[in-house]
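Worksheet: the structure to be examined is printed underneath.
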Amino acid sequence: MYKYLFVCFVFLASSSVYGQRTLKTLEGGGGRPNTSKGIGNDTLFDRGSKKIAKNTEAKIEDYKIISRKGDTTFVDTTLTIQKEYKFNYLRRDYFELLPFNNMGQTYNSLSHNISSQRTLPGFGAKGKHFNYMSVGDTQYYHVPTPLTELMFKSNFEQGQLLDAFFTTNTSEQFNFSIAYKGMRSLGKYQHILSSTGNFRFTTNYHTKNKRYHVRAHMVTQDILNQENGGISDEDLLEFENGNEEFIDRSLFDPLFEDAQSNLEGRRFYLDHTYQLKSKDSLGYNGIKIGNAISIEDKYYHYTQNRNAAVFGDAFVTSNLSDKNTFEHFYTTFFADYSNTLVGKISAQLNYNAFNYGYNSLVVLNGQTITNRLKESVLSFEGSYERDFGPVELKANLGINVSGDLEGNFLDAQANYTINDDMRATARINLNSSVADYNFRLYQSDYLNYNWQNSFKNQQSQQLAFDFYSKKYGILSLDYSTINNYLYFENKGEGVKPYQYGSTVNYARAKYVKEVKFRNFALHNTIMYQQVLDGDEVLNVPQLNTRHTLYYANEFFEKALYLQTGVTLSYFSEYNMNAYDPVLSEFYIQNQKALGNFPRLDFFINAKIQQTRLFLKAEHFNSAMTGYNFYSAPNYPYRDFIVRFGIVWNFFL
């Protein structure tokens, strides 16, 4: 009930609707389109409207969105092709992800970015974390008038997606925001319901002299899925043959219809900084100190009424229940020094404490598997930034200096501004990180899903080059090597974690370019990738492409902006990773090649003042090009469906 009361609240808190003038926002001011998540963080280079709010002195640039690292953008109500790509459950462009057949399930990865600045282990259950909002995903706001955004999208049977957001400044110094993203979808197949909720509250404050700043947020999240294991091998034949009796997908028999997985988490975060010494008139010697604290706990729970033969024998035959819990305490103390000649230098000392595990011991085949891992680590991080004319240097490093875990990273990049249109970036990343907790310890009522391991750190190195130009497009190249690569695989005794003994070599190239002719445009995204060594443990399609041909124009004396076109998406055939619902993880399989199917979407989008309307016929070629489309082995991709939605901003 509180969900609906909240929606009513944001409607009552917002009343008048006005337009918006042109805005162009760039990440870091360097010419690269901003691709971060959040309210209005979309690529721009486009048009808006003319007014903004009842407060006629307010400008759209005053509606600020501030990231955890302090990067600032502002609200965007334009309609671009990037808005079409981001109008989805995750609210971001998932060109490199392949969604499952129901909204709110998981995503298969079509590419992997090896670059990382992580030295600490993750919780695991990565298949359920695509919609789990981390500390870095949370943003803060500063607005001259109250701002509301409502996002709605239809779903797959008996449900919908709603993301409601409200923020206001009670004074120039104090802001708060409140948001709730709720989704429910029954799905087209048996026993595949999804239901998720993400509640966010943020606040930030600064003193009148702006020397002291404090920010805090609270986030609670729950992600629930019914699990059916995919459709049976016998029914796969009926699916691929296009048997008309099974066009109603609910007639297919899944592997089981009595399992459910649930991820729940809550987090409280606070950081505050104090400017000890502001830069003098020459820009010298600015000193800032600060502290941050984060407390998060979450759990993953898999339940099933009866044991399924596909997972092997179990300790019990009914009411299976696997639940692991995770508690994470984090605090840091940091200091920044900035000087026009020297640049900006930052140093911070971090403390992390983890408590992961279960409530009982497991004794299996004479081996005792512990129930809990309690670990702590003290680490140091530092960063450096300096401009040398058109060249900008950035470097970040981190190392675990004491405690139970080893790890380190180095990330350095140089940005070179060639001219007003062109910019190039070269980057090197080195990383050594601990295996996630579910690799090291797992307990289950299924016998095959019990282990306790001691893995070496996974070590990766990446060289990357990026070229940005509005005229010539965006080109990204990277080459990565991975030692001690960690992965899941089923070698006949159930899905288990393994570590690769050789080196994985992996190269990627991605090119993005839009070509325009009058009111027509062709937007192209092409990725080529190759696993040079280790393709038995790292599977990706060699080719992944997306091409959108669309028409855009203004009508009714510019009161309506219309955008309509067709998107073709395609990736080549490869040994697609399989999905394990017990672990909520993807695992390597090298027996069945999938892919090589085109996906055609037809869309009509419109903008009236700051309201954006979306209508799409998704995968409308599904019945014409053959029923060989899968998101993972035994999990068919989505059939043809028509869906619609709206994004609506209110400025008071």
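Less than 5 angstrom separates the built amide H of D253 from those of S232, all sequence-distant by 5 or more or on a different chain.
Sorting Y479, Y132, Y551 by accessible area puts them as Y479, Y551, Y132; the probe is 1.4 Å, largest comes first, and only protein heavy atoms count. As a quick test, which of the pairs K181/K374; K59/K344; K59/K153; K64/K607; K64/K516 have an alpha carbon distance above 24 angstrom in this structure? Flagged as over cut-off: K181/K374; K59/K344; K59/K153; K64/K516. Remark on Y63: its backbone amide H falls under 5 Å from those of V75, a criterion applied only to residues 5 or more positions apart or on other chains, H modelled at 1.01 Å from N. Which residue, chosen from T425, V377, F439, occupies the Cα position most advanced towards the positive end of the dipole of the stretch 356-458, where the dipole is computed from +1 (Lys, Arg) and -1 (Asp, Glu) charges on Cβ about the Cα centre? My answer, from the dipole projection, is F439.
Each residue of the stretch 358-371 was assigned a 3J(HN,Hα) from its phi angle through the Karplus curve 6.51 cos²θ - 1.76 cosθ + 1.60 (θ = phi - 60°); the sequence is 10, 9, 8, 7, 10, 10, 9, 6, x, 9, 8, 9, 5, 9 Hz, with glycine and proline shown as x.
At full extension, L397 and S171 could sit 77.6 nm farther apart than now, given 0.36 nm per residue minus the alpha carbon distance.
Over the residues of the chain, the helix contribution to mean residue ellipticity at 222 nm works out to -1500 deg cm²/dmol, using -39500 (n - 2.57) for each DSSP H run of at least 4. Dividing the convex hull volume of the alpha-carbon atoms in the stretch 341-422 by its residue count gives 154 Å³ per residue. Note on the stretch 488-595: with charges restricted to the Cβ of Lys and Arg (+1) and Asp and Glu (-1), its dipole about the Cα centre is near 480 debye. Only the Cβ atoms of Lys and Arg (+1) and of Asp and Glu (-1) were treated as charged; on that basis the dipole of the stretch 137-224 about its Cα centre amounts to roughly 260 debye.
Using θ = phi - 60° in the Karplus curve 6.51 cos²θ - 1.76 cosθ + 1.60, the 3J(HN,Hα) couplings for the stretch 147-159 round to 10, 10, 10, 10, 10, 10, 8, 6, 10, 9, 6, 6, x Hz; x is entered for Gly and Pro.
Dipole of the chain computed with +1 at Lys/Arg Cβ and -1 at Asp/Glu Cβ about the Cα centre; of N519, F334, F556, farthest Cα towards the positive end is F556.
Computed from backbone phi with θ = phi - 60° and the Karplus coefficients 6.51, -1.76 and 1.60, the 3J(HN,Hα) list for the stretch 133-142 is 8, 8, 4, x, 7, 7, 10, 10, 9, 8 Hz; x is used for glycine and proline.
The values are calculated or read from the model by the stated rules, or taken from the named source; none is laboratory data. As the structure is a prediction and not an experimental result, all values here were calculated from the model. Positions of Cβ are backbone-derived with ideal geometry, glycine not excepted, and every protein chain shown enters the neighbour counts. For accessibility, only protein heavy atoms count, side chains too; no ligands or nucleic acids. Shrake-Rupley method; radii C 1.70, N 1.55, O 1.52, S 1.80 Å.
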